[in-house]
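S.K.: Please read through the structure below; I'll follow up with questions.
None of the figures in this text is laboratory data; all of them are computed from the coordinates on show. In this text the structure is predicted, and so the values were computed from the model without any measurement. All Cβ positions, even for glycine, are placed from backbone atoms using ideal geometry, and neighbour counts span all protein chains on display.
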Amino acid sequence: MISENTVKELSIIPHFSKICEIVLHEIRETFDIETCFAFIKKNKYTRFAIDFHYDISEAYKIRVETVIDEIVQTENHDYKVPYIYFSELDHKKEKKLRTLYDKN
């Protein structure tokens with residue numbers, strides 16, 4: 001079960017940052033996307049793909065889209081760009097994010 005503390009708890013495991021790829025499906029809004037993104041930016045090794053459950057709230061979609069906007073507006077990434085998706089994500093943003101993710 002994913003909770004708001006999941007990323008914090010996983011990040012203290014010594015070998016967690018050595019995992020090459022993490023894929024999360026149907027994630028609920030209890031997931032702390034900001035802490036996860038901070039971890040992604042510090043971790044230069046792990047690729048992330050995060051697919052959110054279809055019924056996340058509009059407020060949470062705004063939080064996720066803020067992270068996505070930062071990623072797609074950044075020209076030089078010094079981390080592995082994550083793929084983040086939720087229903088109703090703007091198609092152009094999703095395509096740009098997918099392109100950046102595929103370059104990793």
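S.K.: Quick check: pseudo-label points 7 Å beyond the Cα along Cα→Cβ at Glu26 and Glu9, how many nm apart are they?
M.R.: Taking the simple label geometry, Glu26 and Glu9 are separated by 2.0 nm.
S.K.: Quick one: Arg47, Arg63, fewest Cβ neighbours within 10 Å first, how do they rank? Working shown, then result.
M.R.: Details: Arg47 18, Arg63 14.
With the fewest neighbours first, Arg47, Arg63 line up as Arg63, Arg47.
S.K.: Measuring from label point to label point, each 7 Å out along Cα→Cβ, what is the Ala38 to Glu75 span in nm?
M.R.: 2.8 nm
S.K.: With only alpha-carbon atoms counted, please give the Rg and Dmax of the range 1-84, in Å.
M.R.: That works out to 12.5, 35 Å for Rg and Dmax.
S.K.: Another question, if that's okay. Need one number: % antiparallel among DSSP beta bridges in the chain, to the nearest 5.
M.R.: 0 percent
S.K.: Could you pull out every one of the lysines with an alpha carbon less than 27 Å from that of Lys96, ignoring same-chain neighbours closer than 8 positions?
M.R.: Lys18, Lys41, Lys42, Lys44, Lys61, Lys80
S.K.: Calculate the FRET efficiency for Asp90 and Ala49 from the Cβ-Cβ distance with a Förster distance of 25 Å, rounded to the nearest 0.05.
M.R.: Details: r = 18 Å, r/R0 = 0.73.
It comes to 0.85.
S.K.: Run through the range 1-45 and list the chymotrypsin sites (Phe, Trp or Tyr not before Pro) located in a DSSP loop whose Cβ has at most 15 other Cβ atoms within 10 Å. Mind dumping the intermediate values first?
M.R.: Numbers: sites: Phe16, Phe31, Phe37, Phe39, Tyr45; in loops: Phe31, Tyr45.
Passing both the DSSP loop test and the Cβ count: Tyr45.
S.K.: Near the amide H of Arg47, under 5 Å away, which other amide H atoms are found, from residues 5 or more places off or on another chain, if H is placed in the peptide plane?
M.R.: Amide H neighbours of Arg47: Glu21, Ile22.
S.K.: Just how large is the dipole of the range 6-103 about the Cα centre, in debye to the nearest 20, putting +1 at every Lys and Arg Cβ and -1 at every Asp and Glu Cβ?
M.R.: Dipole of the range 6-103, to the nearest 20 debye: 500 debye.
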